[in-house]
Amino acid sequence: MQKTLYIVRHGQTELNRLGIVQGRGRDTDLNEEGQLQARQFYAAYKDVPFDKIYISNLKRTQQSIQPFIDKGIPFEKLSGLDELAWGVQEGQPATPESKAAFLNLMRDWLDGKLDSKFEGGESPNEVEIRQREAMDVIMSHPEEKTVLICMHGRALRLLMCILTEQPLTQMDTFPHQNLVLYKLTYDGSKFTIVDANNALHLKQK
């Protein structure tokens, strides 16, 4: 079975612009810039023959690729593609204390303490379980050769580790911004990244 995955992060929301963590518990809308990014992405990739679209349960992912859905491409929501839950930190303005807490958590993850999480939140290990379940669904359809997936920043980093068979401690080696593209091919045994952090479409006026 061969498959090509186009994986994008959702477009900008107002909380993104303000530097406030959203996570799984904040179901925010795209702002004006995010809506523009969605149009730019569609303009660049509207001729790709997508067989299926997969999105998270959070509306910012659907809003980011709505033009493709409007074309009639079938889509499915998978909770496994939701953003990592940041628990008590979600929606909170950045303070010196919260920045220090995030830094400590990132250090934990880098050190391999992948069960660490904020109160009420999720750990990387917990997200991996639901992401693998989501990928089982996506990969169970060999007839879907070209697939568009829209998801979230931290979740995307974790998924890249899973697909490329790297430890989750390597998540920060996968940079991203709003509505950038990672393109991967599957040859029947392994995934290969053929395009990483591609933002060329966002430069088109």
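Listed values, structure above:
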quantity	calculated
Segment 1-48: number of residues that are part of a loop (DSSP other than H, G, I, E, B), in contact (Cβ under 8 Å) with a residue 12 or more places away in the chain and more than 13 Å from residue 152 (Cβ to Cβ)	8
Residue pairs meeting the criteria (Cβ under 6 Å; at least 6 apart or on separate chains; first closer than 21 Å to residue 134 by Cα, in segment 159-179; second of a type in the set (Gly, Ala, Ser) and assigned to a loop (DSSP other than H, G, I, E, B))	169/112; 179/11
Residue match in segment 69-86 (condition: open to solvent by less than 70 Å² (accessible area, probe 1.4 Å), farther than 17 Å from residue 27 by Cα and either among the β-branched types (Val, Ile, Thr) or part of a helix (DSSP H, G or I) (or both))	yes
Verdict on residue 134 being among the small types (Gly, Ala, Ser), touching a strand residue (DSSP E or B) at 6+ places or on another chain (Cβ under 9 Å), modelled with pLDDT of 95 or more and surrounded by 20 or more Cβ atoms within 10 Å (Cβ to Cβ)	yes
Every residue from segment 177-198 that is under 17 Å from the mean Cα position of the chain (by Cα) and assigned to a loop (DSSP other than H, G, I, E, B)	177, 178, 179, 180
Count of residues meeting criterion [open to solvent by less than 50 Å² (accessible area, probe 1.4 Å) and not polar (S, T, N, Q)] in segment 43-56	7
Number of the exception - residue 115 against (1) assigned to a helix (DSSP H, G or I); (2) more than 30 Å from residue 50 (Cα to Cα)	(1)
Options 117, 99, 59; residue that is surrounded by fewer than 12 Cβ atoms within 10 Å (Cβ to Cβ) and charged (D, E, K, R)	99
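The values are calculated or read from the model by the stated rules, or taken from the named source; none is laboratory data. If you're wondering where the values come from, they're calculated on a predicted model, not measured in any experiment. All Cβ positions, even for glycine, are placed from backbone atoms using ideal geometry, and neighbour counts span all protein chains on display. The protein model used for the area step is the full one, side chains on, heavy atoms only, and it has no ligands, DNA or RNA in it. Shrake-Rupley method; radii C 1.70, N 1.55, O 1.52, S 1.80 Å.
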